[in-house]
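The values are calculated or read from the model by the stated rules, or taken from the named source; none is laboratory data. None of these values were measured; they are calculated from a predicted model. Every residue, glycine among them, receives a Cβ derived from its backbone with ideal geometry; neighbour counts consider all protein chains shown.
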Amino acid sequence: MDGSQGEIEGVPLEPTAVRRFLSDNPEFIRDDHGLLDELGLKVAAGNVVDFGPAALARVHAAHQREATQRQQVEETARANFSAQAQTHGAVIDLLDARNHSDLAWRLDELAQHRFGLAAGIIVLEDAERAPAGWKRLVAGQVDMILGGSHRLARMGFAPTALGLFGERAETIRSMAMVRMAIWEPARQGLLAFGSADPEGFTEDMGSELVAFLARVVERTAERWPIL
């Protein structure tokens, strides 16, 4: 190992130290042809190190990757902020409900006008009755729609759930559904949103915001007894 290599190994690998070393020892890069080739550099007339096409291409590609990643992070942050803001507004609307029927109407309205969805519905398992505006299912259907008793939510397209949306079923291309338990003893139910966009809800999406709204609907519905 030559003297210059021994010296650089003794220098802390900090940008200012590396810069100082290269400034004091320009021949370290200029005379190392293997390193120049690896970096995509070449020595131009007057012993000036020139950036070759390969180096420029790498710098440009790195810049593009950084810009794309930064843009994706910013877009995701804006989307999350918007979704949270809309969800908080939806909570206020739901809490103003006057009865079960009004709660169902408000949910459907905010689904369409706040979130741009096709429908928002409340589902209850009850062999005999359900509040006006709610969808009634028989016992066990919530498990069937969600794909098992262990599942609390389901995102994406579920053909078995199309019937929940009544006359609007033919427009539904994706769903977000969260299990609910209302009153004591608990009755199984669902909060379900339907989208006309196949990518509106996908299997890899998180269900946290929908689950939060489901908890709000549960607590609000429990204000009044089922008649």
Sole miss for Ala214 among (1) farther than 20 Å from Thr87 by Cα; (2) surrounded by 13 or more Cβ atoms within 10 Å (Cβ to Cβ) is condition (1)
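Please report, ordered by residue number, the strands (runs of 3 or more DSSP E) entirely within region 114-227 with at least 2 residues that are polar (S, T, N, Q). Write out each step before concluding.
Working: elements: 119-125, 135-137, 153-156, 174-182, 187-195.
Answer list for region 114-227: 187-195.
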Would you be able to say whether some residue in region 212-220 is under 17 Å from the mean Cα position of the chain (by Cα), within 20 Å of Gln112 (Cβ to Cβ), assigned by TED's automatic domain parsing to the domain that holds His100 and touching a residue at least 24 places away in the same chain (Cβ under 8 Å)? yes
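Considering region 83-113 alone, what residues qualify as being part of a loop (DSSP other than H, G, I, E, B) and under 19 Å from Gly189 (Cα atoms)?
Initially, region 83-113 is screened for residues part of a loop (DSSP other than H, G, I, E, B), giving 96-99.
Once the filter is applied, which keeps residues that are part of a loop (DSSP other than H, G, I, E, B) and under 19 Å from Gly189 (Cα atoms), region 83-113 yields Ala97, Asn99.
Looking at region 176-202 only, could you name the residues that are among the charged types (D, E, K, R) and farther than 10 Å from Ala153 by Cα? Quick ask: steps written out before the conclusion?
Going residue by residue through region 176-202, those that are among the charged types (D, E, K, R) are 179, 184, 187, 197, 199.
Selection gives Glu184, Arg187, Asp197, Glu199.
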Only one of Gly156, Gly163 is without any contact (Cβ under 8 Å) to a residue 40 or more places away in the chain and either under 17 Å from Leu190 (Cα atoms) or surrounded by fewer than 13 Cβ atoms within 10 Å (Cβ to Cβ) (or both), namely Gly163
Scanning for something free of Cβ contacts under 8 Å to residues at least 40 places away in the same chain and of a type in the set (Val, Ile, Thr), does region 180-187 turn up at least one residue?
no
Reported set for region 100-124 where residues are crowded, with 19+ Cβ neighbours inside 10 Å and over 26 Å from the mean Cα position of the chain (by Cα) is His100, Leu103, Ala104, Leu124
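Going by what's in this entry, would Ala153 be described as modelled with pLDDT of 95 or more, assigned by TED's automatic domain parsing to the domain that holds Leu103 and not acidic (Asp, Glu)? Let's see the steps before the verdict.
Working: modelled with pLDDT of 95 or more: yes; assigned by TED's automatic domain parsing to the domain that holds Leu103: yes; not acidic (Asp, Glu): yes.
So Ala153 fits the description; yes.
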